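Input: a single structure, listed below in structure tokens.
The values are calculated or read from the model by the stated rules, or taken from the named source; none is laboratory data. Quantities reported herein were computed from a predicted structural model and do not represent experimental measurements. A quick note on method: Cβ atoms are made from the backbone with ideal geometry, for glycine too, and the neighbour counts reach across all protein chains shown.
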Amino acid sequence: MTDSLLEVRDLQKYYFERDTFVDSLLGRERRSVKAVDGISFDIQPGETLGLVGESGCGKSTTGETLLRLREATGGSVRFDGENVFEMDSDELKAFRKDAQIVFQDPFSSLDPRMTIGDIIAEPLKIHGIPEGAGDQSKREWRRDKAGELLERVGLSANQLDRYPHEFSGGQRQRIGIARALALEPDFIVLDEPVSALDVSVQAQVLNLLDDLQDDFGLTYLFIAHDLSVVRHICDRVAVMYLGNIVELGPTDELFESPKHPYTQALLESVPRPSTAEHGRRVEALSGDVPSPRNPPSGCRFRTRCPKVIPPDDLNIDQATYRAVMDLRDALVVGDVNPDHIWEAADPERVDEEAFIEEARSRHVAAELRGEVAGAVDTALGHLAEGDEERARETLRRRFESPCETRRPAVGDAPHPAACHLFEGSDEVTVIETNESAAIEADD
Amino acid sequence: MADPILKVRDLTTRFFTEEGQVNAVEHVSFDVEDGEIFGIVGESGSGKSVTALSVIDLIESPGRVTDGEIWYRNETLADEFRGSTPDAVDGDFVDVRRLPKGVRRSLRGPSFSMVFQDPMSSFNPSLTVGEQIAEAVEVQRRARSNPRSTRSRTQGYGLGKLVADTLLPSQRYVSDESMDRAVELLDQVGIPDPEDRAEEYPHQFSGGMLQRAMIAQALAGEPDILVADEPTTALDVTIQAQILNLLRDLQEHEGMSILMITHDLGVIARMCDRVGVMYAGEIVERGPLSDIFDNPVHPYTQGLLGSIPDVDDPSTRLEPISGNVPSLIDSEMPNACYFADRCPNAMNDCLTRIPEYELDGRHSVRCVLAEREYDPNDAIDTEVYADD
Amino acid sequence: MISERTRRNLRRELQRSLLAKIGIVVVVFMLAMAIFAPFISPYSPGQQNLENARQPPIGFSTKETKEVTKMENGSVVIENGQVVTEEQTVYTNATFAHPLGTDGNGRDILSRIIYGARTSILVGLFGTSLAALIGVLVGLSAGFYRGRVDDVLMRGADIMLAFPSLVLAIALVGVWGQAQAPIPDPFVVSGIAPAFRSAVGLPTGMPETVVLPGTVIVVVALVNWVWFARVSRGEALSIREEEYVKAARALGASDGRTVLRHVLPNAITPILVLATIQVAAIILLESALSFLGFSGADVSWGFDIALGRQYQSTAWWISTMPGLAIVVTVIGLNLVGDWLRDALDPGIEGEGGV
């Protein structure tokens, strides 16, 4: 593993809200948003590592943080053996020659007030390339170089004096790629480079990226939300969810036998452009991605996971357990309003049985039996009495899952998945936390 | 097969901008059958959204629907206008474009309604979600009690109302009855705890929830046809799956027809019964899903399908369509097949406007390849067109 | 710097809007008046003629009743040991020699307005430039660096804003005194203007220097930079999130280069629009200072309004004419500002097509 081009260890990027002078005057405590929460991976020279996830999972932040376009809150990034976060400004400038980035939005990534020629030549100018020679010949050299780069990405060199708005989205993306190539980097972060493009143009740009990688021996970090694109272009893939990597593995293996329930759900959700897809009913993940301001304790995915692990001593089927866990989450985020339930069940607020019945029909999407029904009804009884805290606690005591007390992280296996289902193997390492207890105490 | 609910014929929409006349939609024809999902797929600038807006009469200046007919099956309307405007009536169908403006407007809601791409900008940030859905309910309620009154929407506004609202700040914007219905609708689209959520503002909703709310709003008038313009484009795939499931459930339970506009062939494949592929303002190929996906005739359709990386099968190389999406400015459009400059199979026959060929009763295509085989000897020099 | 597209937008908006045309005509007219003052001014602004004091503008005449010593046969009439007075009515008519009338010392009001335009426009332009320089520097730094830098700079700006600007200006003038720099008027010194004037038969003896009210310029800039800071901070905040700014940093560009090359050019439009409006605001502030006698200028619209105050009831034009000059100029500048804003709306810029 020593020959990795890039080594990311426990990378953390938190943003802080309520962090202004006024906030400190008002004595408001700053609030952290955990955009990237301790992720580790390596990239080998010449490979393409895909980083996929839904919006807000921290994939773009990861790309920008490891290039030090944003300052990390913790962890380390080694590029070619050197620690990127400890570089001084000269070393950093040298690093920028080797590591470049291509952005998602072809409309905002080019300065509208500069010509294409100036845009592509700018990196050369910043780094004083070429060295020596007079100003006049330098400028000409750079212009020639910009023309060459433009042709390399499939545009014509006689367009150097045009402005960005005269180009289509696909052409602008090519220009952005030419700019990134100008310094002849080894490594390029491709931050959703084709998401904004139409499919026919997207395919052109993907092919271009493929060709450039072969010609220049480039290493890519390919950030995307589109799984089909990732499958097409990447050698290995890391799947992110709420600031964590949940699964990391060789592309074909990960797509053909996904391990983590989130990866499985993602793959299941993608609409396939074929007739076999017609009428396919996807078992969609329920709910929304939780806020990174207050992420779930333990496994970040447990609030939506269809395979959440019940406590050892509880005999319960998955659907019922999921339904109970959804009720617990609803209680935590405040989606259960006892007033509404009373109103529908018994406006006089005496008939607790009716309340429990109504609450179950509204908030528990499964038939409950035996011990489970007993525990849930006790909790709903507390809710009926207006003691939400006690209702939550009752449910927690009986139904607390290992998924919420301990946080899994990807282990050292070739295809690790950060999920308690794989506990005991080297696919997952578990971070023991008492987050859950802390959160319960907060409430 | 029953009569379709909607027959669009030769729909043409133009925008008269300072850069010139833009032919956004050119002679577009399609049917939407009762209870089906008809999909229109195309890249950006292909005119698919303008087609949707034209159908529900939401084109604004400098744009105008300049030609074409939109036949909508509605017996009541047909009976009503058979005497006064016989041109606008054909059997049970009425040509929406020939109805008086007020009547056209009253169709929005009970006949057609629309779901837009960006739920965030489709809600007013200063009113609660419930109020906004209830307002849609209220508009429909008034329209029903006073059929096709052009004033239906403006009632309840005006100076008197303004004064009353100012003096009585606690007065609700909408009636309780409408609010109850709004909560019901929110419940129907799967929003948890709808009573509370109805009181919240759009920024308190996630993107997926807001899209559900917008669908609830569109359902307020119990429409015959729901026009969904890229309803899942702004959403993540797991949320997209939820919304697509919801749309299908609603379509099955309510018996609506859906006109689905999207750029995503995967969404088309999952949802639609029949498809129209748009390119440069025209429907270049139209037919049942299986014909379009398994036997595409138009080289553009083929190119589009060849451009998509397959999530289940990583083929080594994509086969993209060369070149760029063409300009729709009238003066820059060739008197030829609009796709000829990017087409791998362009022949001399393509240098004229191509009519729509019927392959069989259900599959039609705007390409000479419907009539003849590709002949390399007859190929035109595509370099003539090459712009870069 | 000005792209073809921008020029087209400017032209289109100008054709469309009558108000923009009026604004441009007014502003160009005022500028020309200020620049060519030594050629077109009928008299020197300081030239007094007590005989002709308080002559009304064309179209008006005045009737004044004065108490005068009664004279009979060349001697004072004395009755009961007292000098007898009688009422006498004096009519003053307008003359074409002083189309806008004269002031209390018989100075030509038109000439004073023409020369006053120089003071106003000098203060307006220099004051705005200085304010823009300070404000843009502060605003771009605050917006670009955000965090503590932003906190400190913008809270400072807020404090500036909390003072009533006129009070602050008066205080600053009070502290620093009235520094003025006389600049030689090139037209007069070179002899072109006097030669021209004698050729067409206008009186010569125009002032050889233009007084640049240094303190006033610094003061109005210190009072008004906050607006520039706020606008450019807002722009910098949004532009720094543009991907081309991130791209520049990824390429290794220094902060200075990024701000000058990428942020400033893209923020320039709203700053330009603000500057136009600020010239008007600063002209008003200068007039207020002059009116109150704090500027030290003796040829200034505000100063002349103050001079006319004591004749308010008998010679209204002494105050009114320079007042009108201020109103017209300020309206003209605001119209030009509106034109720029409408034409340069960044929403139009950068869109690829329909």
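So for the range B:289-307 (the condition being crowded, with 19+ Cβ neighbours inside 10 Å and within 19 Å of B:L53 (Cα to Cα)), does at least one residue qualify?
No, the range B:289-307 contains no residue that is crowded, with 19+ Cβ neighbours inside 10 Å and within 19 Å of B:L53 (Cα to Cα).
Tell me the residue from C:A142, C:A162 that is buried (at least 19 other Cβ atoms within 10 Å of the Cβ), over 30 Å from C:D298 (Cα atoms) and either without any contact (Cβ under 8 Å) to a residue 40 or more places away in the chain or touching an Asp or Glu at 6+ places or on another chain (Cβ under 8 Å) (or both), please.
Within the list C:A142, C:A162, the selection yields C:A142.
If you check B:C337 against the conditions, is it away from chain A (no Cβ under 14 Å) and more than 29 Å from A:R281 (Cα to Cα)?
yes
Please go through the range A:176-222 and pick out each residue that is touching a Phe, Trp or Tyr at 6+ places or on another chain (Cβ under 9 Å), more than 12 Å from every other protein chain (Cβ to nearest Cβ) and not in a strand (DSSP E or B).
A:E184, A:D186, A:Q213, A:L218
Can you name the number of the only condition in (1) modelled with pLDDT of 85 or more; (2) in a loop (DSSP other than H, G, I, E, B) that B:E373 fails?
(1)
Confirm whether B:G45 is on the phi > 0 side of the Ramachandran plot, crowded, with 21+ Cβ neighbours inside 10 Å, of a type in the set (G, A, S) and modelled with pLDDT under 90.
Yes; evaluated as a whole, the condition is true for this residue.
I'd like to check something: does the range C:256-265 contain any residue that is over 30 Å from C:A97 (Cβ atoms), part of a helix (DSSP H, G or I) and under 29 Å from the mean Cα position of the chain (by Cα)?
Taking every residue of the range C:256-265 in turn, at least one turns out to be over 30 Å from C:A97 (Cβ atoms), part of a helix (DSSP H, G or I) and under 29 Å from the mean Cα position of the chain (by Cα).
Given the criterion within 18 Å of the chain's Cα centre (by Cα) and at positive phi, identify the matching residue among C:G252, C:G293.
Numbers: C:G252 fails: within 18 Å of the chain's Cα centre (by Cα).
Testing whether each residue is within 18 Å of the chain's Cα centre (by Cα) and at positive phi leaves just C:G293.
Go through B:V41, B:V25 for me and flag whichever is closer than 15 Å to B:V277 by Cα and within 14 Å of chain A (Cβ to nearest Cβ).
Answer to the check: B:V41.
If a residue counts only when it is within 13 Å of chain A (Cβ to nearest Cβ) and among the charged types (D, E, K, R), which helices (runs of 4 or more DSSP H) contained entirely in the range B:240-309 have at least 1 such residues? Before you say what the answer is, go through the steps one by one.
Values: elements: B:265-271, B:289-294, B:299-307.
Once the helices (runs of 4 or more DSSP H) in the range B:240-309 are filtered for at least 1 residues that are within 13 Å of chain A (Cβ to nearest Cβ) and among the charged types (D, E, K, R), what remains is B:265-271, B:289-294.
Determine the pairs where a residue that is of a type outside the set (D, E), located within the range C:254-270, has a partner that is surrounded by fewer than 18 Cβ atoms within 10 Å (Cβ to Cβ) with Cβ atoms under 6 Å apart, the partner being 6 or more residues away or on another chain.
Listed by first residue and then by second, the contacts come to C:T269/C:P346.
If you check C:V210, C:V136, C:V173, C:V200, which single one turns out to be under 25 Å from C:L272 (Cα atoms) and not charged (D, E, K, R)?
Matching residue, one of C:V210, C:V136, C:V173, C:V200: C:V136.
Determine if the range A:263-275 includes at least one residue that is in a loop (DSSP other than H, G, I, E, B), at pLDDT 90 or above and among the charged types (D, E, K, R).
Looking through the range A:263-275, at least one residue is in a loop (DSSP other than H, G, I, E, B), at pLDDT 90 or above and among the charged types (D, E, K, R).
Among the residues of the range A:71-94 satisfying the criterion of being more than 13 Å from A:R9 (Cβ to Cβ) and of a type in the set (S, T, Y), which is modelled with the highest pLDDT?
Looking at the filtered set, the residue picked out is A:T73.
For residues in the range A:227-238 being more than 8 Å from chain B (Cβ to nearest Cβ) and of a type in the set (D, E, K, R), which is surrounded by the fewest Cβ atoms within 10 Å (Cβ to Cβ)?
A:D235
All but one of (1) assigned to a loop (DSSP other than H, G, I, E, B); (2) within 8 Å of chain B (Cβ to nearest Cβ); (3) without any contact (Cβ under 8 Å) to a residue 24 or more places away in the chain hold for A:V336; which doesn't?
Going through (1) assigned to a loop (DSSP other than H, G, I, E, B); (2) within 8 Å of chain B (Cβ to nearest Cβ); (3) without any contact (Cβ under 8 Å) to a residue 24 or more places away in the chain one by one, A:V336 breaks only (3).
If B:A346 passes every condition in (1) in contact with a helix residue (DSSP H, G or I) (Cβ under 9 Å, 6 or more places away or on another chain); (2) within 14 Å of chain A (Cβ to nearest Cβ); (3) farther than 27 Å from B:D31 by Cβ; (4) of a type in the set (G, A, S) but one, which one does it miss?
Of the numbered conditions (1) in contact with a helix residue (DSSP H, G or I) (Cβ under 9 Å, 6 or more places away or on another chain); (2) within 14 Å of chain A (Cβ to nearest Cβ); (3) farther than 27 Å from B:D31 by Cβ; (4) of a type in the set (G, A, S), the odd one out for B:A346 is (2).
Here are the criteria: (1) assigned to a loop (DSSP other than H, G, I, E, B); (2) within 26 Å of the chain's Cα centre (by Cα); (3) surrounded by fewer than 18 Cβ atoms within 10 Å (Cβ to Cβ). Tell me which single one C:F29 does not satisfy.
Among (1) assigned to a loop (DSSP other than H, G, I, E, B); (2) within 26 Å of the chain's Cα centre (by Cα); (3) surrounded by fewer than 18 Cβ atoms within 10 Å (Cβ to Cβ), the lone unmet condition for C:F29 is (1).
Just checking: which of the helices (runs of 4 or more DSSP H) contained wholly in the range A:343-412 hold 1 or more residues that are more than 30 Å from A:G38 (Cβ to Cβ)?
Ranges flagged: A:352-363, A:370-384, A:388-399.
Among the residues of the range A:1-29, which ones are assigned to a loop (DSSP other than H, G, I, E, B), surrounded by 14 or more Cβ atoms within 10 Å (Cβ to Cβ) and modelled with pLDDT of 75 or more?
A:S4, A:L5
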